[in-house]
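Before any comments, here is the structure.
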Amino acid sequence: IRCQSTNTNEPKTRRNLLDNASNLLTTVLSGGSLGSLPTAEGAVSDLFGRPLFFSLYDWFLEHGSVYKLAFGPKAFVVVSDPIVARHILRENAFSYDKGILAEILEPIMGKGLIPADLDTWKQRRRVIVPGFHALYLEAMVKIFTNCSERTILKFEKLLEGEHSSGGNAIELDLEAEFSSLALDIIGLGVFNYDFGSVTKESPVIKAVYGTLFEAEHRSTFYIPYWKFPLARWIVPRQRKFQNDLKVINDCLDGLIKNAKDTRQETDVEKLQQRDYLNLKDASLLRFLVDMRGADADDRQLRDDLMTMLIAGHETTAAVLTWAVFFLAQNPSKIRKAQAEIDSVLGQERPTLESLQKLEYVRLIVMESLRLYPQPPLLIRRALKPDVLPGGYKGDKDGYSIPAGTDIFVSVYNLHRSPYFWDRPHEFEPERFLEQRKDVDIEGWSGFDPTRSPGALYPNEITSDYAFLPFGGGPRKCVGDQFAVMESTVGLVLLLQKFDVELKGSPESVELVTGATIHTKNGLWCKLKKRSDK
Ligand code: HEM
């Protein structure tokens, strides 16, 4: 479900329609099989006025950490509780699938990990996870750096032009720049394809954005008209979507064929010896074809690649966007990050080893994921009846839910819960270094970094499911370390050279949500050469 931020100039007809819909659907189911759950009485206009996750937060404060939200005949259970989240995501994970999310994504990702049925998921997850080993990540750090340098070079050239006409700052939509950067990185890292989108446009790039746009549209539209048999031929945007999919699929099919045709024993040997840094192509596709060639047909490989392209692109771009949004309002934190970068790297490039030492920049990434988790809601559907724990505030006997119950685990609510975080809405990367020790809740083991020794970032284990930057349990993100390092490198290279300010006020940056939280009109910033250099 997607909701746009308030627009007071909204046409009257649309407002009237919303009001009518609201009158019709304000009806809240009070009984039924979810009868024992506290119920949020929301009007549909609540949903249209602003992003859904804001309303879910207000209802969480009002109704508690597990509540029912019903619109007309449809009810959802909203979970904002670490104990219940742990039950759904880890302890009883296989009693749930991705429900509505899988229905929306299946036409795009086929049997990729996110929408896949359980049998396919088990088989593919076993094959894909080993692809993200330490040497692969080391090779990826080079790619992250090369691509980020390309972006920085572009900014430097723009700034030079500006200097020659007397200015000292450039104005840029950094969200768009991060989106191009993340696309280039995911293309190279997953299937060794250089979109080159930082510097050019291409039909494949347009098709990727078209597909993302359609996925977002589908997650926001209440009637799945695209399922009607002729929709793909009759409805223009559906025809365009089919064309976009074909462009990407043809590109991926070509890459898979090429990877299979160029499979060389030496490469396989190098892979087996894990000689990654000497490989020309260290991509995940190479790994899957060389090491696991027999495991999957071309269609399955294509679904895997498409899934990682979509899952790894917008998410990382959003993390970088919000990290800069918060940093730009906190110049002292920019200075602190720059001091760390200067002392660890000077003007050198980051490496896997030096990245470990860039702790403050990494915590900036994690803090922006706390405040704007990507995605803000995890979606599940119960495959069989279950009893959800009551959580820390609810009924001690728990809540029975029937098979088919749709659940939103609100990561946004968990990450801003006043019960678990001090000053939950403030941007304080330092909080992870001095986590509060005074929260004593039965059934929840508190924040404790020693539970995950050597972890790259604070996570669901160290927080016992109060902090879920990459989900948790068996369906946890496979690209978590990839993404943390990628975002850290992107920020490091930016702050090594530049100071950032917002062009307008923070309030003028409006939010829109689809799968991720992004801005309505871009993140317009002023970039200047660092003043202390
Ligand atoms: C799953 C977040 C980057 C591939 C997930 C999930 C989250 C997440 C929260 C769990 C979804 C659920 O439980 O329903 C993020 C964030 C990223 C990021 C915040 C960037 C900052 C990436 C990258 C890749 C990737 C770079 C691939 C290279 C996947 C895949 C899954 C997944 C394949 C499905 C795993 C499964 O169901 O087994 N991601 N992700 N993600 N992510 Fe990521």
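Read-outs: derived from the displayed coordinates by stated rules, not from any lab. Here the structure is a predicted model, which means the values were calculated and not measured. Cβ: placed from backbone, ideal geometry, glycine included. Neighbour counts: every protein chain shown.
One table, with the values for the structure above:
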item	result
Criterion: exposed (fewer than 13 other Cβ atoms within 10 Å of the Cβ), of a type in the set (D, E) and away from the ligand (no atom under 16 Å from the Cβ) - qualifying residue of E160, E149, E156	E160
Pair list, Cβ < 8 Å and 6+ apart or interchain, from the stretch 182-210 residues that are more than 11 Å from I143 (Cα to Cα) to residues that are part of a loop (DSSP other than H, G, I, E, B) and aliphatic (A, V, I, L, M)	none
Residue in the stretch 379-386 that is among the β-branched types (V, I, T), within 14 Å of the ligand (Cβ to nearest atom) and over 26 Å from R436 (Cα atoms) present	yes
Qualifying residue in the stretch 89-96 (condition: among the basic types (K, R) and assigned to a helix (DSSP H, G or I))	yes
Filter result for K68 (among the basic types (K, R), in contact with a strand residue (DSSP E or B) (Cβ under 8 Å, 6 or more places away or on another chain) and more than 15 Å from the ligand (Cβ to nearest atom))	yes
Some residue of the stretch 324-335 being charged (D, E, K, R), in a helix (DSSP H, G or I) and over 26 Å from the mean Cα position of the chain (by Cα)	yes
Test: residue in the stretch 494-502 that is under 30 Å from K437 (Cα atoms), more than 10 Å from the ligand (Cβ to nearest atom), surrounded by fewer than 21 Cβ atoms within 10 Å (Cβ to Cβ) and not polar (S, T, N, Q)	no
Residues within the stretch 162-218 that are assigned to a helix (DSSP H, G or I) and among the acidic types (D, E), tallied	6
The stretch 96-126, residues that are surrounded by 19 or more Cβ atoms within 10 Å (Cβ to Cβ), under 27 Å from S487 (Cβ atoms) and over 18 Å from the mean Cα position of the chain (by Cα)	A116, W121, R124
Counted residues, the stretch 90-106 - those being of a type in the set (D, E) and within 11 Å of the ligand (Cβ to nearest atom)	1
Residue in the stretch 103-119 that is free of Cβ contacts under 8 Å to residues at least 60 places away in the same chain, charged (D, E, K, R) and not in a helix (DSSP H, G or I) present	yes
Residues (basic (K, R) and out of contact with any helix residue (DSSP H, G or I) (no Cβ under 6 Å at 6 or more places or on another chain)) located in the stretch 84-118	R86, K98
Qualifying positions in the stretch 483-533 - part of a helix (DSSP H, G or I), small (G, A, S) and over 15 Å from the mean Cα position of the chain (by Cα)	G490, S508
